[in-house]
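Novice: Structure incoming, see below.
The values are calculated or read from the model by the stated rules, or taken from the named source; none is laboratory data. As the structure is a computational prediction, the values presented were derived from the model and not from experiment. Using ideal geometry, Cβ is built from the backbone for each residue, glycine included, and neighbour counts are taken over all protein chains shown. Only protein heavy atoms, including side chains, enter the accessible area calculation; ligands, DNA and RNA are left aside. Shrake-Rupley method; radii C 1.70, N 1.55, O 1.52, S 1.80 Å.
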Amino acid sequence: MQVSNTIDCNGLSPAPTLLRIMQALVGREDSTSPLNVLVGADCNCESLAVSLGPLAQDVQLASDAKQFAAVN
Amino acid sequence: MLEESSETSSPYASDPETPDFAFDPDDPWTQTFQEGLARADLKDKTVYEVGVGTGINVAFILQSCGAKRVYGSDLDPRLVVLAERNIKILSPEHAKHFKPVHGSVSLVDTDEAREKIAKTDVVIACIPQVGEPSDARLTAFREAQSIELAEGAGDEAEDHIAHYYPWSLFDQYPYNSVGLGLNEALMRRIREHAPKAELVMNFGCRIGTEIICECFEANGYKPEKIASKIVLQHSGTDISFFVSLEKALNGTEYEKQLVCKFYGDPEGKQPLSATKAQEMINDDPNVPLYHEVAVIRGTPV
């Protein structure tokens, strides 16, 4: 099953958000564009990116889906 | 924390029919669920059970909780027929108040189920929280953490669909990441089709009740734990999913935010992470391990 290029993590606390991103990344067949991750407005994206480590370069975090269009 | 539930004897004169494809009604999960149902204020209410199984809960809430009417459906179409038979055996005077939805019903995804849900006061459910071991994406995640599936875990028992759900199909739901995708999908459907209905759901709490309550809150319900019991995990149960979650968080600043909750004793005083529990299983596959089962009531906010 192909994973959508955008995943919704809105409402999730940080630990399951990180898990959801990791799970989405291992399930991707097309990794040429970044994975869009919709997070809550209160998400500490910097901290999340640090925890993602090298995987952070494959991810675009935003609290508003409109922000993705500017990138992809 | 609620006190542990006590064992209860059967209130029925006859035993229900329990073929291999049905979840065992004598399992402590069912005992805990019924303790919660007894505290859920079901008198004169219309109740819908998603995943009716043998019908043991329907008989219980009609006979012992005073529910006015109970609807019920199941993904396995054989089970609704079995439930009808069992309710006639267990509680014949109440059998006419059970209104089954026949056929294979995933969650409440048929017109008839939705029509009945719209007339329901309380929705009850105990549905799977572990993705199918053979799920390709779940396998990829597990392998990315270098976690092996337990021997025999990929074999499909007769009651397979009572224990596992197709994980990838529920990936649109955020809490699928911790095994709650099917439960979250049900919450969203009930919010849509019966926005005033309460939810009473039975959970294995190996990922902790905190994150289960978070899932309720994220979906518009105020959670309340109304029953709890520490139960013996079935010998041979595969816990690789929980170990994978912990291992994925290792070394991150969030690793202490999600530590799975197993116990080395029936009182629940010796907490164990999934990683530690797996080490103990590796040393002795028959080691007794325990976890909490809890009934959470969700009141729409």
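Novice: Tell me yes or no: at least one residue of the stretch B:10-25 is at pLDDT below 90 and assigned to a helix (DSSP H, G or I).
Specialist: No.
Novice: Give me a count of the residues in the stretch B:190-215 that are under 14 Å from B:GLY36 (Cβ atoms) and of a type outside the set (S, T, N, Q).
Specialist: 8
Novice: Looking at B:SER228, B:SER177, B:SER235, which is the one that is away from chain A (no Cβ under 13 Å), crowded, with 20+ Cβ neighbours inside 10 Å and not aromatic (Phe, Trp, Tyr)?
Specialist: Just a single option satisfies the conditions, and that option is B:SER228.
Novice: Also, I was wondering about something else. Condition (residue is modelled with pLDDT under 95, open to solvent by 30 Å² or more (accessible area, probe 1.4 Å) and of a type in the set (A, V, I, L, M)) applied to the stretch B:257-268: is it met by at least one residue?
Specialist: Within the stretch B:257-268, one or more residues are modelled with pLDDT under 95, open to solvent by 30 Å² or more (accessible area, probe 1.4 Å) and of a type in the set (A, V, I, L, M).
Novice: Output the residues belonging to the stretch B:252-292 that are within 14 Å of chain A (Cβ to nearest Cβ), touching a residue at least 60 places away in the same chain (Cβ under 8 Å) and not in a helix (DSSP H, G or I).
Specialist: Listed by number, the list holds a single entry, B:LEU258.
Novice: Looking only at the stretch B:66-76, count how many residues are closer than 17 Å to B:PRO128 by Cα and out of contact with any helix residue (DSSP H, G or I) (no Cβ under 8 Å at 6 or more places or on another chain).
Specialist: Number satisfying all stated conditions: 0.
Novice: For the stretch A:27-50, how many residues are within 13 Å of chain B (Cβ to nearest Cβ), surrounded by 12 or more Cβ atoms within 10 Å (Cβ to Cβ) and part of a helix (DSSP H, G or I)?
Specialist: Qualifying residue count for the region: 4.
Novice: Within the stretch B:74-90, does at least one residue satisfy the condition of being assigned to a helix (DSSP H, G or I), at pLDDT below 95 and under 30 Å from B:ASN282 (Cα atoms)?
Specialist: No: the stretch B:74-90 contains no residue that is assigned to a helix (DSSP H, G or I), at pLDDT below 95 and under 30 Å from B:ASN282 (Cα atoms).
Novice: Please find, within the stretch A:1-26, the residue that is modelled with the highest pLDDT out of those that are of a type in the set (Gly, Ala, Ser) and open to solvent by 10 Å² or more (accessible area, probe 1.4 Å).
Specialist: The qualifying residue modelled with the highest pLDDT is A:SER13.
Novice: Give the stretch B:193-231 a look and list any residue that's among the basic types (Lys, Arg), under 14 Å from the mean Cα position of the chain (by Cα) and not in a strand (DSSP E or B), or say none.
Specialist: B:ARG206
Novice: Select, from B:PRO300, B:PRO285, B:PRO271, the only residue that is in contact with a Leu (Cβ under 9 Å, 6 or more places away or on another chain) and open to solvent by 30 Å² or more (accessible area, probe 1.4 Å).
Specialist: On inspection, the qualifying residue turns out to be B:PRO300.
Novice: List the number of the failed condition for B:LYS229; all other conditions in (1) farther than 17 Å from B:LEU289 by Cβ; (2) charged (D, E, K, R); (3) modelled with pLDDT of 95 or more hold.
Specialist: Unmet condition: (1).
Novice: Go through the stretch B:107-118 and give me each residue that's part of a loop (DSSP other than H, G, I, E, B) and over 11 Å from B:LYS196 (Cβ atoms).
Specialist: Of everything in the stretch B:107-118, those that are part of a loop (DSSP other than H, G, I, E, B) and over 11 Å from B:LYS196 (Cβ atoms) turn out to be B:LEU107, B:VAL108, B:ASP109, B:THR110.
Novice: Mind checking which residues of the stretch A:51-71 are within 12 Å of another protein chain (Cβ to nearest Cβ) and touching a helix residue (DSSP H, G or I) at 6+ places or on another chain (Cβ under 8 Å)?
Specialist: A:SER51, A:LEU52, A:LEU55, A:ALA56
Novice: Output yes when any residue across the stretch B:83-101 is touching a Phe, Trp or Tyr at 6+ places or on another chain (Cβ under 6 Å), surrounded by 23 or more Cβ atoms within 10 Å (Cβ to Cβ) and of a type in the set (Phe, Trp, Tyr), and no when none is.
Specialist: There is no residue in the stretch B:83-101 that is touching a Phe, Trp or Tyr at 6+ places or on another chain (Cβ under 6 Å), surrounded by 23 or more Cβ atoms within 10 Å (Cβ to Cβ) and of a type in the set (Phe, Trp, Tyr).
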